[in-house]
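The structure appears below as structure tokens.
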């Protein structure tokens with residue numbers, strides 16, 4: 001009887017359920033994160049198989065899910081198209097956030113704009129930096145390649161004060177061991193060992209809502 005009472009004291013059913021809930025949540029979050037990272041990296045790598053001419057001309061495009069012609073694009077279009085492939089429309093997401101919080105974005109300071117522009121706002125690196133900061137996670141900028149994980153977004157400042165952006169992949173350089181970056185710096189989407197070639201201005205992780213909203217069934 002004493003043993004039975006002790007067992008009930010140490011392992012009450014509610015406590016067991018609580019531990020089970022915590023373990024399931026941890027594994028679920030890990031699986032969701034892994035699913036997102038794999039999906040985004042695969043989408044980014046797939047972009048490097050397309051023949052795209054670097055062209056940043058202003059164009060009117062549909063909304064939502066609008067895109068410039070598939071045979072042209074700039075660095076931001078690698079990001080936009082990769083996220084669109086996994087079900088996240090950055091055109092709509094950036095526009096909606098800018099429409100509600102226009103002063104948080106640098107459109108007036110940099111381009112002298114007084115309102116949103118659904119054709120171009122999401123295709124500008126400074127706007128994506130603000131969006132990823134507001135709705136994702138702003139990660140440390142370091143000189144350690146191991147700090148840059150698959151699925152992370154990195155921005156740089158190129159010579160001539162030209163902002164640039166790309167996606168960290170799970171591929172690595174055979175020479176440096178650095179993660180290869182999916183980006184378009186002028187010759188179309190490429191996988192390149194260029195993480196530390198330019199000054200890094202931002203390091204982010206943005207997980208779309210569809211990857212954040214799932215809770216394993218039966219936990220409540």
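For this structure, a couple of remarks:
- Checking 194, 157 one by one, the residue that is surrounded by fewer than 18 Cβ atoms within 10 Å (Cβ to Cβ), under 30 Å from residue 53 (Cβ atoms) and in contact with a strand residue (DSSP E or B) (Cβ under 7 Å, 6 or more places away or on another chain) is 157 and no other.
- When region 80-107 is filtered for residues that are surrounded by fewer than 22 Cβ atoms within 10 Å (Cβ to Cβ) and in a loop (DSSP other than H, G, I, E, B), the ones remaining, listed by number, are 86, 87, 88, 89, 101, 106.
- Filtered by the rule that a residue be surrounded by 15 or more Cβ atoms within 10 Å (Cβ to Cβ) and either touching a helix residue (DSSP H, G or I) at 6+ places or on another chain (Cβ under 7 Å) or assigned to a helix (DSSP H, G or I) (or both), region 43-56 gives 43, 44, 45, 47.
- Against the numbered list (1) touching a residue at least 40 places away in the same chain (Cβ under 8 Å); (2) touching a helix residue (DSSP H, G or I) at 6+ places or on another chain (Cβ under 9 Å), residue 104 comes up short only at (1).
- Within region 57-76, being closer than 18 Å to residue 183 by Cα and either in contact (Cβ under 8 Å) with a residue 60 or more places away in the chain or in contact with a helix residue (DSSP H, G or I) (Cβ under 6 Å, 6 or more places away or on another chain) (or both) holds for 73, 74, 75, 76.
- Single residue of 114, 149 found to be within 18 Å of residue 83 (Cβ to Cβ), assigned to a loop (DSSP other than H, G, I, E, B), at pLDDT 95 or above and touching a helix residue (DSSP H, G or I) at 6+ places or on another chain (Cβ under 8 Å): 149
- Flag for residue 177 being in contact with a helix residue (DSSP H, G or I) (Cβ under 9 Å, 6 or more places away or on another chain), under 29 Å from residue 92 (Cβ atoms) and surrounded by fewer than 22 Cβ atoms within 10 Å (Cβ to Cβ): no
- Test: residue in region 119-140 that is surrounded by fewer than 16 Cβ atoms within 10 Å (Cβ to Cβ) and more than 25 Å from residue 212 (Cα to Cα): no
- Going through (1) touching a residue at least 24 places away in the same chain (Cβ under 8 Å); (2) within 30 Å of residue 193 (Cα to Cα) one by one, residue 144 falls short only on (1).
- The set of residues from region 62-78 being surrounded by 12 or more Cβ atoms within 10 Å (Cβ to Cβ) and either in contact with a strand residue (DSSP E or B) (Cβ under 8 Å, 6 or more places away or on another chain) or not in a loop (DSSP other than H, G, I, E, B) (or both) comprises 72, 73, 74, 75, 76, 77, 78.
- In the set (1) at pLDDT below 95; (2) closer than 13 Å to residue 122 by Cα, the condition left unmet by residue 14 is number (2).
- Single residue of 180, 128 found to be closer than 24 Å to residue 84 by Cβ and part of a strand (DSSP E or B): 180
- Any hit, region 195-218, residues being out of contact with any helix residue (DSSP H, G or I) (no Cβ under 6 Å at 6 or more places or on another chain), at positive phi and in contact (Cβ under 8 Å) with a residue 40 or more places away in the chain: no
- Qualifying residue in region 117-125 (condition: part of a loop (DSSP other than H, G, I, E, B), modelled with pLDDT of 95 or more and touching a strand residue (DSSP E or B) at 6+ places or on another chain (Cβ under 6 Å)): no
- Taken together, the criteria place residue 100 among residues that are over 20 Å from the mean Cα position of the chain (by Cα), farther than 20 Å from residue 58 by Cβ and at pLDDT 95 or above.
The values are calculated or read from the model by the stated rules, or taken from the named source; none is laboratory data. Keep in mind it's a predicted model, so treat the numbers as computed, not measured. Positions of Cβ are backbone-derived with ideal geometry, glycine not excepted, and every protein chain shown enters the neighbour counts.
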